[in-house]
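Each remark here refers to the structure printed beneath this line.
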Amino acid sequence: MKVLIVEDEKAAIRRLISLLKELGSLVEVAGITDSIKSTVNWLRDHDQPDLAFFDIQLADGISFEIFDQVEVECPVIFTTAYDQYALRAFEVNSIDYLLKPIDQEKLERAIRKYLKWTGAAKSKVIDPKTLSDIREMIRTGGYKERFVVKYGEHLRSIPTIEISHIKSESKATFLITRGNKKFLTDHSLDQLENMIDPGQFFRINRRYIIRIDSIQDIISYSNSRLRLKLKTADDPDMIVAREKVGDFKSWLER
């Protein structure tokens, strides 16, 4: 597996190479670049690697700009010193991230995710809308504070703090307020997940995002899952997916 490392900190490069070497002959470093310009030139002059590690913030800009200038056909694992304000967006697109300083366990998890990805039908993994959302988050350093929704013939502004949970239903997405009012939104659940504060909201499964202070009860459920009862809803489908239970518990303890 040939990898490209895009990183402008020498210490971070040395650490990543050292960790990759611990994986044995599985990984070969095909190239190292330290800027947007050098990465674009490398990708134009070489065959696409199997996998790339992109630092988000480079000396000459944000690495997302690389995608504007050259076709990136390989999956990308982002490395970043940022906290978690935009990171879940990468997972939405089958792209992983590594929070610096990188450790071996998380690197191996990311590699396993890549290997699993290669077994599926390959498609363009960078969604322009997602990159646009993350760019905006990096620029503003924050999350959505309100959403404008249609309410009959009128428009209403719904403060994020008033949202109890978000539900996907029949290919539509609804914001449900603390007063148990339901508003249709034009955003998908995936898009909303990237726009709201992960310290306050958690995606428990494919259909629901819930706010932490809306939880009334947490009940053990079959197959190592959890069932939630909210102050505004007691929906039997509000189940924390088994693969999310560990992250959900960690989220509760922040």
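The numbers here are math on the coordinates, done by the rules we state, and not lab data. If you're wondering where the values come from, they're calculated on a predicted model, not measured in any experiment. Note that we place each Cβ from the backbone using ideal geometry, even for glycine, and neighbour counts take in every protein chain shown.
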Worksheet item: Computed FRET efficiency, Cβ-Cβ of Trp251 and Val29, R0 35 Å: what is it to the nearest 0.05?
Response: 0.50
Worksheet item: Does segment 146-252 come out rounded, prolate or oblate, given a ≥ b ≥ c as the square roots of the eigenvalues of its C-alpha gyration tensor, rounded meaning a/c under 1.5 and, failing that, prolate meaning a/b above b/c?
Response: prolate
Response to the item:
Expressed in nanometres to one decimal, the distance between label points 7 Å along Cα→Cβ at Asp60 and Lys106 is 2.8
Worksheet, complete the sentence: In debye to the nearest 20, the charge dipole size for segment 146-252, taken about the Cα centre with +1 at each Lys and Arg Cβ and -1 at each Asp and Glu Cβ, equals 140
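Looking at segment 154-254, send over the antiparallel percent of its DSSP beta bridges, to the nearest 5. All intermediate terms of the calculation are to be shown ahead of the outcome.
Values: 24 of 24 bridges.
Antiparallel bridges: around 100 percent, rounded to the nearest 5.
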Worksheet, complete the sentence: Under 11 Å by backbone N from the virtual spin label 7 Å along Cα-to-Cβ at Arg156, the residues of segment 171-185 are 175-184
Worksheet item: Which FRET efficiency, nearest 0.05, do Ala241 and Glu22 yield, Cβ-Cβ r, R0 41 Å?
Response: 0.85
